[in-house]
1. For ASP196 and GLU38, compute 0.36 nm times the residue count separating them, minus their Cα-Cα distance, and round to one decimal in nm.
2. Under 5 Å between amide hydrogens, which residues at least 5 positions from TYR41 or on another chain qualify, with H placed 1.01 Å from N in the peptide plane?
3. So, by mean Cβ neighbours within 10 angstrom, what's the order for 7-15, 158-166 with the highest one leading?
4. Under the Kirkwood approximation for Rh and a Cα-based Rg, what ratio Rg/Rh is obtained for the range 128-180?
5. Under 5 Å between amide H atoms, partner at least 5 residues away or on a different chain: which partners does ASN114 have, H built in plane at 1.01 Å?
6. Explain nothing, just compute: Karplus ³J(HN,Hα) = 6.51 cos²θ - 1.76 cosθ + 1.60, θ = phi - 60°, for every residue of the range 101-116 in order, whole Hz, x for Gly and Pro.
7. Take every DSSP beta bridge whose two residues both sit in the range 7-151, then give the antiparallel share in percent to the nearest 5.
8. Ranked by Cβ crowding within 10 angstrom, fewest neighbours first, how are LEU262, LEU85, LEU43 ordered?
Amino acid sequence: MTRPLTVADGPAFLRLMKHYVVDYTNSHDQGETPKIMEPDYHLRMGPYDVVGRDTAYHAATRKQMDQFPGLGLTVHEVWTSGERLMMRFSEHGASNRHDGALTAWGGIGLYRWNGDRLVSNSVEQDYFSRARQMKTRVPNPVEGPAIAPWDTVAQAPDVAVEAVVRAWLEGGDLARTPGVLCDDAWTGAAVEAVVDQTDIAINDLFSCGAHVGFHATQKGGLSSDFAPTPADVGKPVELHMAGIVHVSNGALVSGRIIRNRLDLQRVVAAK
């Protein structure tokens, strides 16, 4: 497709994503991916770039499907402009590497397509929470599903809304914003600042009306609430995250963020 994609393409994008969720992910059928993704499909998660639908991507997803034979994906929120699409979801299942321990963890993905198939996805999943659940054997509940995700009405981008979110991201108070929940805080889990921000790289950001999806890398000193020892406080680190937030009357009013705390924990432990 060579013409620019618009809100008129929203229903087709949603049909493709329904195929992705129902016929591929929840069915564990990698034979469906040629209909859904381009051969050079690019997944970005944390510091990793997984490129190649039939090679690196298939290997990575096969590993997860093998660990969770009954893996399911529940969609909580979808917004699209016809050109881009953002989706908040949970994955959940029983890990055969942990004697059947049950777990449910959140994720946010920002998708790009070419009018035919998916081209890329910038995503983060809360593997930190997943690891804790498998260790304690106390699973999080699964949030309720979106009522009609595939009937979402496409909305055109709004540059004014995007400017509000960019300014908020640069302000550095992501974990201290009323109405914005990080990771699994919706379950009552404590919210940690994790990083005392000095800078932020916005890797991707787009809007669908008043709804903004972003993928960013927060930079700064490791905060005391996440540091494993006092000696680690203030160490320069990077924290990858994806979010969906909502703006009303020129102000950010609510949203969700998934932060890649597990990779950060591993980096700190290795230093």
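No lab work stands behind these numbers, since they all come straight from the coordinates. All figures in this text were calculated on a predicted structure; none of them were measured in a lab. Virtual Cβ from ideal backbone geometry, glycine too; neighbours counted across all protein chains shown.
1. On the way: separation 158, 0.36 × 158 = 56.88 nm, distance 3.84 nm.
In short, 53.0 nm is gained.
2. GLY52, ARG53
3. Numbers: 7-15: 17.3, 158-166: 15.8.
Descending packing order for the listed peptides: 7-15, 158-166.
4. On the way: Rg = 17.3 Å, Rh = 15.3 Å.
Value, to two decimals: 1.13.
5. Distant-sequence amide H within range of ASN114: VAL119.
6. Each residue's phi maps through the Karplus curve to give 4, 8, 7, 9, 9, x, x, 9, x, 10, 9, 10, 10, 10, x, 10 Hz.
7. Numbers: 31 of 35 bridges.
Antiparallel bridges: around 90 percent, rounded to the nearest 5.
8. Working: LEU262 17, LEU85 26, LEU43 21.
In order of increasing Cβ crowding within 10 Å: LEU262, LEU43, LEU85.
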